[in-house]
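Notes follow once the structure below has been shown.
The values are calculated or read from the model by the stated rules, or taken from the named source; none is laboratory data. All values derive from a computational prediction rather than experimental measurement. Virtual Cβ from ideal backbone geometry, glycine too; neighbours counted across all protein chains shown. Please note that ligands, DNA and RNA were not included when accessible areas were found on the heavy atoms of the full protein model with its side chains. Shrake-Rupley method; radii C 1.70, N 1.55, O 1.52, S 1.80 Å.
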Amino acid sequence: MWPALSVLLLTTLLGVGQGLFFAVYCVQVLERFALRAGPQDARFYPLAAALALAFLAAGLAASFFHLGRPERAWRAAAMWRTSWLAREVIALPAFMGCVALYGLAHWLGWRAHEVLPGVDVTLALGAAATLLCFALFVCTGMIYACLKFLPEWHTPLTVLNYALFGCASGLMLATAYAAFLEPGLVRYLAGWTAGFTLVALLSRGAALVRNARLKRRSTLQTAIGVKHPRIRQTAQGFMGGSFNTREFFHGRSDAAVRSVKWAFLLLVFPAPLALLAAGLATPSAGLLAAAFVVQYLGLLAERWFFFAQADHPQNLYYQRIS
Amino acid sequence: MTQLALVIDLNVCVGCHACVTSCKEWNTSGAAGVLSDDNPYGRDPTGTFFNRVQTFEVGEYPNTQTVHFPKSCLHCEDPPCVPVCPTGASYKRAADGIVLVDYDKCIGCKYCAWACPYGVRELDAHEKVMKKCTLCVDRIYDELLPAADRRPACVMACPTNARLFGDVHDPASEVSQAIRERAGYALMPEWGTSPANHYLPRRRAEVKVRAEDLARVDNPLKVDGKLPRPRPDEPALDDVTSW
């Protein structure tokens with residue numbers, strides 16, 4: 001498949017925004033149940049919500065560049081009964097709305113509001129946003145995982161990877177964010193970050209191993225219905241390019257795809273973890289921010305590889321110009 | 001229920017691309033607007049087509065066959081492209097089973113093209129909406145046309161009559177008979193999409209000539225010997241045959 005930059009940005013930016021919100025909400029829950037000390041700075045929650053919103057809005061903006069007719073995007077929620085894309089189109093603004101309300105409630109100091117005595121409004125809003133956050137992970141992942149004839153994507157690991165990468169990169173950003181605003185939280189946020197990154201490594205590794213052993217169900221024989229072991233295309237029907245030759249091919253050599261794979265395996269996992277450890281040991285907020293940036297670039301490479309690796313069965317029909 | 005479809009006879013398709021050009025001509029001139037056609041005579045021509053004729057070589061030299069393979073939307077009975085559409089622009093008509101795109105609702109997200117294993121949907125580079133074969137829906141119901149012309153443009157154009165058009169749910173239709181009697185098959189059956197369009201396979205074109213086809217032999221199977229003549233004193237019906 002063609003890895004469109006808009007989709008690479010959309011999926012990675014949304015993941016960061018969702019993960020950042022999830023990290024911050026976990027900090028609040030742990031503080032509420034007196035398991036960990038919370039942030040001292042009152043700006044911690046509203047600023048984090050604003051930062052998460054900025055990433056989500058950037059992802060949303062990127063998604064418009066994927067559309068041929070962005071002015072009609074409002075129609076895209078119509079078929080939520082059948083389409084995971086429509087479900088994502090509903091889940092994303094709902095989640096953004098909840099995060100905005102969550103940040104606003106923190107900013108206005110509604111944690112113990114006299115209107116609702118005994119109820120922490122922010123905690124309730126955050127719970128709703130967390131549900132929507134994971135609903136959004138499922139929607140985003142299922143857009144790819146539900147396509148049964150793209151075997152590289154048609155696995156629960158796709159959904160799991162989207163969620164784990166989102167959480168890992170969001171936690172990485174939360175760690176860097178805390179280093180600037182609330183250094184007391186850095187150490188345990190960094191612990192979670194490392195944990196999620198390692199679990200994501202396991203899950204993505206499992207997907208890589210699985211995809212390396214795939215057996216394709218569609219062949220040239222089933223594609224044209226001729227049962228002969230030796231078939232080759234001599235003409236695809238036109239001399240130039242077409243939508244079919246552009247949208248479903250990454251247009252790079254196998255060696256380039258392999259090097260992107262090793263690049264993301266390096267940039268998403270060991271490199272940011274090393275920077276994270278260095279940032280904790282120094283301690284240096286700059287190194288932690290660098291860890292996030294490096295991991296984000298790695299995630300762009302990961303998403304590029306995710307698309308490039310998917311070999312669409314329609315490619316059987318478009319192998320040779322003449 | 002009606003399910004209109006094409007049945008394409010690979011045994012007689014000669015790969016002349018008349019269906020491709022006829023389809024393009026009809027569908028670029030309709031009310032839905034032009035189909036993109038950039039640099040048609042230039043170095044890198046590109047454009048939107050509903051129908052393509054591809055060529056495959058089957059076998060190993062010198063025992064090869066050339067198979068010309070026209071490919072357009074198969075109007076699946078369970079189309080995977082329809083449920084994924086977020087806007088409902090992509091739909092399957094209940095009345096006649098044609099899978100269509102509402103060009104006014106399509107947002108050009110290309111998700112339906114990802115969800116089609118056959119690669120028959122093409123995004124129009126200028127209108128930025130997904131386009132595909134309509135089975136000439138603006139032609140087959142047009143009562144201003146003579147009844148014989150109410151068929152898809154590709155079917156009208158085919159010089160070898162390799163393209164049949166009709167209702168595959170009607171067991172008495174020409175297309176159903178062709179599928180039944182000439183081993184019609186669907187593409188990529190492994191995905192359960194139940195394509196409505198079918199293909200008729202290549203057939204062996206060997207003619208076996210036996211000696212007895214050229215010169216008549218008397219009693220070739222030698223099963224009935226001559227009956228014995230009755231003795232003259234025995235009764236006979238006609239003086240020749242025995243009882």
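Looking at this structure, is residue B:14 in contact with a Ser or Thr (Cβ under 8 Å, 6 or more places away or on another chain), open to solvent by 50 Å² or more (accessible area, probe 1.4 Å) and under 26 Å from residue B:162 (Cβ atoms)? Yes. Among the residues of segment A:187-214, those identified as touching a residue at least 24 places away in the same chain (Cβ under 8 Å) and more than 18 Å from the chain's Cα centre (by Cα) are A:187, A:188, A:189, A:190, A:210, A:211, A:214.
Residues in segment A:248-288 that are out of contact with any Asp or Glu (no Cβ under 9 Å at 6 or more places or on another chain) and either within 14 Å of chain B (Cβ to nearest Cβ) or not in a helix (DSSP H, G or I) (or both): 9 in all. Pairs linking a residue in segment B:185-203 that is at the interface with chain A (Cβ under 10 Å from one of its Cβ atoms) and in a loop (DSSP other than H, G, I, E, B) to a residue that is hydrophobic (A, V, I, L, M, F, W, C) and open to solvent by 40 Å² or more (accessible area, probe 1.4 Å), with Cβ atoms under 6 Å and 6 or more positions apart or on different chains, are B:201/B:183. For the residues B:22, B:29, B:72, the requirement of being open to solvent by less than 10 Å² (accessible area, probe 1.4 Å) and farther than 19 Å from residue A:85 by Cα singles out B:72. The selection criterion, being within 18 Å of residue A:322 (Cα to Cα), among the hydroxyl-bearing types (Ser, Thr, Tyr) and more than 7 Å from chain A (Cβ to nearest Cβ), holds for residue B:66.
In the set A:131, A:136, only one residue is part of a helix (DSSP H, G or I) and surrounded by fewer than 16 Cβ atoms within 10 Å (Cβ to Cβ); that residue is A:131. Could you say whether any residue in segment A:39-62 is touching a Pro at 6+ places or on another chain (Cβ under 9 Å), part of a helix (DSSP H, G or I) and more than 15 Å from residue A:189 (Cβ to Cβ)? Yes - at least one qualifying residue is present in segment A:39-62. Of all residues assigned to segment B:46-58, at least one qualifies as being acidic (Asp, Glu), free of Cβ contacts under 8 Å to residues at least 12 places away in the same chain and either under 18 Å from residue B:19 (Cα atoms) or assigned to a strand (DSSP E or B) (or both). For residue B:99, the stated conditions hold: it is in contact with a His (Cβ under 6 Å, 6 or more places away or on another chain), closer than 30 Å to residue B:170 by Cβ and not hydroxyl-bearing (Ser, Thr, Tyr). Would you check if there is a residue in segment A:82-95 being within 14 Å of chain B (Cβ to nearest Cβ), open to solvent by less than 60 Å² (accessible area, probe 1.4 Å), touching a Leu at 6+ places or on another chain (Cβ under 9 Å) and farther than 17 Å from residue B:83 by Cα? Yes, the conditions are met somewhere in segment A:82-95.
Residue-level check: of (1) among the hydrophobic types (A, V, I, L, M, F, W, C); (2) open to solvent by 60 Å² or more (accessible area, probe 1.4 Å); (3) in a helix (DSSP H, G or I), residue A:79 misses just (3). Scanning segment A:24-40 turns up no residue that is within 14 Å of chain B (Cβ to nearest Cβ) and either surrounded by fewer than 21 Cβ atoms within 10 Å (Cβ to Cβ) or among the hydroxyl-bearing types (Ser, Thr, Tyr) (or both). Scanning segment B:13-34 for residues that are modelled with pLDDT of 95 or more and either among the hydrophobic types (A, V, I, L, M, F, W, C) or more than 24 Å from residue A:240 (Cβ to Cβ) (or both) yields B:13, B:14, B:16, B:18, B:19, B:20, B:23, B:26. Of all residues in segment A:246-268, those that are without any contact (Cβ under 8 Å) to a residue 24 or more places away in the chain have Cβ atoms under 9 Å from Cβ atoms of residues that are buried (at least 16 other Cβ atoms within 10 Å of the Cβ) and part of a loop (DSSP other than H, G, I, E, B), 6 or more apart or on another chain, in A:256/A:250.
Quick check on segment A:98-109. Is at least one of its residues in a loop (DSSP other than H, G, I, E, B) and away from chain B (no Cβ under 14 Å)?
Yes, some residue in segment A:98-109 is in a loop (DSSP other than H, G, I, E, B) and away from chain B (no Cβ under 14 Å).
Residues that are more than 28 Å from residue A:148 (Cα to Cα) and at the interface with another protein chain (Cβ under 7 Å from one of its Cβ atoms) were ranked within segment B:39-63; the one that is modelled with the lowest pLDDT is B:44. I'm checking my understanding of the structure. Among residues of segment A:1-38 that are outside any helix (DSSP H, G or I) and aromatic (Phe, Trp, Tyr), which one is modelled with the highest pLDDT? Taking the candidates together, the pick is A:2.
Restricting attention to segment B:134-150 and to residues that are buried (at least 19 other Cβ atoms within 10 Å of the Cβ) and out of contact with any Lys or Arg (no Cβ under 9 Å at 6 or more places or on another chain), the residue that is nearest to the other protein chains (Cβ to nearest Cβ) turns out to be B:134. Screening residue A:209 with (1) in a helix (DSSP H, G or I); (2) in contact with a helix residue (DSSP H, G or I) (Cβ under 9 Å, 6 or more places away or on another chain) gives one miss only, at (2).
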